[in-house]
């Protein structure tokens with residue numbers, strides 16, 4: 001067998017393996033951002049919980065290999081990853097919390113130590129992690145993407161072909177400029193992942209004692225104006241609050257608390273995402 005035929009055979013085997021583990025997932029949604037620190041992982045986690053609360057079968061994959069967030073957001077450190085045999089392959093079983101199937105490289109490594117990997121190595125590791133997890137039947141698999149527009153993002157979208165992407169930014173102009181580049185990357189003809197919409201996180205602050213007041217700490221409506229400029233859907237504003245931060249630190253994201261104002265914002269976001277996909 002010549003090298004070309006051998007590579008072709010290896011690629012066919014890889015595609016067959018991916019189809020076996022990912023073939024029962026109706027929609028893969030990539031959640032991205034132009035820069036770090038805008039709350040992308042918080043939005044991804046709470047969106048997954050909100051979708052599960054509405055009765056959908058949901059998975060959440062942590063694709064940010066250099067800064068995995070799921071161990072902290074769900075209070076899972078070095079989870080015991082079990083395996084199952086599926087059609088002769090040993091596959092990992094995701095960890096289940098709050099009605100969501102979870103997988104992160106952070107479950108298997110010391111999150112205090114840096115992963116000193118070059119781009120191709122990180123991309124291959126994430127592809128293997130996702131394709132060797134037994135997700136089963138899912139309505140939605142949320143991919144919490146790394147920030148930016150690099151090799152990992154390119155590999156993941158071209159390998160797993162998301163149904164659509166959601167982008168997260170904060171109102172200030174620096175974050176808006178960065179997310180503009182990320183949206184343009186995903187909508188490039190070579191990638192062609194439809195943009196479901198833009199979420200403006202940390203949009204305003206409302207004190208608990210003054211529920212009708214909004215204080216625009218980082219500027220006003222930057223994400224909304226960008227959505228209008230790029231002609232993409234604006235999926236809503238998520239407030240900045242102590243409740244969200246405290247819930248993240250406790251390992252129970254705020255969307256798991258149906259009585260909170262913040263939960264209602266994520267439930268509305270879930271409805272808009274489902275409507276866009278339908």
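The values are calculated or read from the model by the stated rules, or taken from the named source; none is laboratory data. Computed from a prediction, not measured in an experiment: that's the story for all the values here. Note that we place each Cβ from the backbone using ideal geometry, even for glycine, and neighbour counts take in every protein chain shown.
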Evaluate the stretch 267-274: report whether one residue or more is under 23 Å from residue 196 (Cβ atoms), surrounded by 15 or more Cβ atoms within 10 Å (Cβ to Cβ) and at pLDDT below 90.
no
Note on the stretch 197-217: residues under 15 Å from residue 37 (Cβ atoms) and either out of contact with any helix residue (DSSP H, G or I) (no Cβ under 8 Å at 6 or more places or on another chain) or surrounded by fewer than 20 Cβ atoms within 10 Å (Cβ to Cβ) (or both) are 202, 217
Has the stretch 224-240 got at least one residue that is modelled with pLDDT of 95 or more, touching a strand residue (DSSP E or B) at 6+ places or on another chain (Cβ under 9 Å) and assigned to a strand (DSSP E or B)?
yes
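Tell me which residues, restricted to the stretch 107-119, are over 13 Å from residue 156 (Cβ atoms) and in a helix (DSSP H, G or I). Walk me through it before giving the result.
Quick first cut of the stretch 107-119, residues over 13 Å from residue 156 (Cβ atoms) only: 107-118.
Matches in the stretch 107-119: 107 only.
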From the list 192, 255, exactly one residue is at pLDDT 90 or above and either surrounded by fewer than 17 Cβ atoms within 10 Å (Cβ to Cβ) or in contact with a helix residue (DSSP H, G or I) (Cβ under 9 Å, 6 or more places away or on another chain) (or both). Which is it?
255
Restricting the stretch 219-248 to residues that are out of contact with any helix residue (DSSP H, G or I) (no Cβ under 8 Å at 6 or more places or on another chain) and within 26 Å of residue 49 (Cβ to Cβ), the one surrounded by the most Cβ atoms within 10 Å (Cβ to Cβ) turns out to be 227
Testing residue 149 on (1) in a loop (DSSP other than H, G, I, E, B); (2) touching a helix residue (DSSP H, G or I) at 6+ places or on another chain (Cβ under 7 Å); (3) modelled with pLDDT of 90 or more, one condition comes back false. Which one is that?
(3)
Check residue 96 against each of (1) farther than 14 Å from residue 67 by Cα; (2) buried (at least 18 other Cβ atoms within 10 Å of the Cβ) and name the one condition it does not meet.
(2)
Condition first: surrounded by fewer than 24 Cβ atoms within 10 Å (Cβ to Cβ), at pLDDT below 95 and closer than 22 Å to residue 243 by Cα. Can you find one or more residues in the stretch 42-60 that meet it?
no
Restricted to the stretch 152-178, and to residues that are assigned to a helix (DSSP H, G or I), closer than 18 Å to residue 40 by Cα and touching a strand residue (DSSP E or B) at 6+ places or on another chain (Cβ under 6 Å), which residue is modelled with the highest pLDDT?
176
